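Written out below as structure tokens is the structure these notes cover.
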Amino acid sequence: MSYINKIAIGAVQKAFYENALTHREIVAILSDDKCDDTLFFHADLTRKTHNGDEVHLKGLLEFSNLCARNCYYCGLRRQNKAIKRYALKPNEIIKLAQKAIACGYKTIVLQSGESSAYKLDELCGVIKAIRDMQARVTLSLGEKSEEEYAAYKQAGANRYLLRIETTDPALYKKLHPSMSHQNRFNCLKTLRKLGYETGSGSLVGLPNQTLASIADDILFFKESDFDMIGIGPFIPNEHTPLGGERGGDFILALKVMAIVRLLLPKINIPATTAMETLDKNGRIKALQRGANVVMPVVTEGEYRKLYRLYPGKICLDDTPRHCRGCITGKIMAIGRGVSATNGDSERFIDRLAAS
Ligand code: SAH
Ligand code: SF4
């Protein structure tokens, strides 16, 4: 065993017992592929100990691909003229949510590009209608004002997902023209203050992103004590300025996710769709390396195809019912089950109990 390898294995063991790592230790783990098996084993054990074997399934409803932003990596960016845009009507969103709930989903994740296509009351009406169907509502609508976040919360929204994408200010600036990094941090603080179960996350494998910068992201997640963290490999989209770039590595994304699990043992961590795009068994591999959530798409028909953040999106021709059956079978095949609870993270449950 080399000296570097000893540092990495030792760091994994320390993280398992203490849920803490230094920047240097994170970089050592990320740089050393000989520690991967030890890392993944301990991340899986941590997931099992603190969250059990059940997997939360949450229905991802991609209700509009309109976006006013221009993030360099994303197929929904405003300047991409190669996609047909859509915005489902409020009653169409509610109908899709109703169908998903009838399939067994206990959480509906409402996701869209960042736009002002909907009036505040329209979105609040949708949130309320879904809450009235006894489901949890997660929102992923990007940066909004404090008043808007408060109104959604008042209407019944439970959770909010807003990835920081990268904590590196220079990299963020390059990839997000005319967006404020500080505002994104502020939004996350506001969401927490308003009582949302708050999720963030990052992209792994962005052009010029270093392991040191990824280690900063991980430490930011730990310090912010989020309730959920989604890690996605960056997948180049040919209709964006980053179309010719290399893209993220599946194993590196899994390692980042596994380290997050060791540092934040009780949070919810999704096995992301982007991981399955890079590896045909990617979500199951993620579930065996620290993840405890899957978010199958419940959008139907052509909208599944039109919501194209990156190429190679999975299950484009499937129905929500088929997808749920398929992922349930795969989960059962690895000796796990589908959770019958509402999907709150153990971390959030503790936080509520302490407040
Ligand atoms: N507009 C909202 C939510 C939709 S985008 C927002 O930006 O927060 C949801 C996530 O898709 C983003 O946070 C980003 O991390 C991810 N994404 C976008 N383009 C991607 C790409 N090319 N590869 C991998 N993930 C991507
Ligand atoms: Fe819009 Fe979100 Fe894509 Fe950025 S990542 S272009 S905000 S949908």
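Every read-out reported here was derived from the displayed coordinates using simple, explicitly stated rules and does not represent laboratory data. Note that the structure is a prediction, hence the values are computed from the model and not measured. No Cβ is skipped: glycine too gets one built from the backbone with ideal geometry, and neighbour counts run over all protein chains shown.
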The chain: relative contact order in percent, alpha carbon pairs under 8 Å with at least 6 residues between: 24
Disulfide-incompatible cysteines by the Cβ rule (no partner under 4.7 Å) in the chain: Cys35, Cys67, Cys103, Cys124, Cys187, Cys315, Cys323, Cys326
Whole-number D in µm²/s for segment 145-266 (Stokes-Einstein; Kirkwood sum over Cα pairs; 37 °C, 0.692 mPa s): 215
Principal semi-axes in Å for segment 54-354 [√(5λ), Cα gyration tensor, largest first]: 24, 23, 21
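Students often check this: by mean Cβ neighbours within 10 Å, which of 65-71, 250-256 ranks highest, and how do the rest follow? Before the final figure, lay out each step's value.
Numbers: 65-71: 18.7, 250-256: 23.6.
The most tightly packed comes first, giving 250-256, 65-71.
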10 Å-binned pair-distance histogram of segment 134-176 (Cα, whole percent): 24, 40, 26, 10, 1
Residue (of Phe40, Ser178, Leu306) at the positive-pole extreme of the chain, dipole from beta-carbon charges: Leu306
Neighbour-count order for Leu306, Leu161, fewest beta carbons within 10 angstrom listed first: Leu306, Leu161
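Arrange Met275, Met295 by Cβ neighbour counts within 10 Å, fewest through most, would you?
Met295, Met275
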Ascending count of other beta-carbon atoms within 10 Å, so fewest first, for Met332, Met179: Met332, Met179
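Compute the signed sum of charges (Lys and Arg +1, Asp and Glu -1) over the other residues within less than 15 Å, Cβ to Cβ, of Asp279.
+4
Within segment 153-232, how many Lys pairs sit with Cα atoms under 21 Å apart, leaving out pairs fewer than 8 places apart on the same chain?
On the way: Lys153/Lys189; Lys153/Lys193; Lys173/Lys189; Lys189/Lys222; Lys193/Lys222.
For segment 153-232, qualifying lysine pairs total 5.
Strictly greater than 19 Å: what percent of every Cα pair in segment 1-139 meets that? Please list the in-between numbers first.
Numbers: 6320 of 9591 pairs.
It works out to 66 percent of all Cα pairs.
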Where the Cα pairs of segment 274-355 fall when distances are cut into 10 Å bins, in %: 15, 41, 31, 12, 2
Contour minus Cα-Cα distance for Asp37 and Ile83 (0.36 nm per residue): 12.5 nm
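Once you have the alpha carbon radius of gyration of segment 153-224, what is it after dividing by 2.2 N^0.38 Å, with N set to its residue count? Don't skip to the end; give the middle numbers.
On the way: Rg = 13.1 Å, N = 72, 2.2 N^0.38 = 11.2 Å.
Normalised by 2.2 N^0.38 Å, the Cα Rg of segment 153-224 equals 1.17.
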Tensor-based shape of segment 189-240 (alpha-carbon gyration tensor, a/c under 1.5 rounded, otherwise prolate or oblate): oblate
Residues of type aspartates and glutamates that Lys144 reaches as a straight line, Cα spacing below 14 Å, ignoring anything fewer than 8 places off in the same chain: Glu114
Distant-in-sequence amide H partners of Phe63 (H built 1.01 Å from N, under 5 Å): Gln111
Relative contact order %, segment 127-253, counting alpha carbon pairs below 8 Å whose residues are six or more apart: 23
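Above 19 Å lies some portion of the pair distances; for segment 82-183, what is it as a whole percent of all C-alpha pairs?
On the way: 2509 of 5151 pairs.
Here the tail beyond 19 Å accounts for 49 percent of pairs.
Count the lysine pairs in segment 1-129 whose Cα atoms sit under 14 Å apart, keeping only pairs 8 or more residues apart in sequence or on different chains.
Values: Lys6/Lys14; Lys6/Lys34; Lys58/Lys99; Lys58/Lys106; Lys89/Lys119; Lys95/Lys128.
Pairs that pass both the separation and distance tests number 6.
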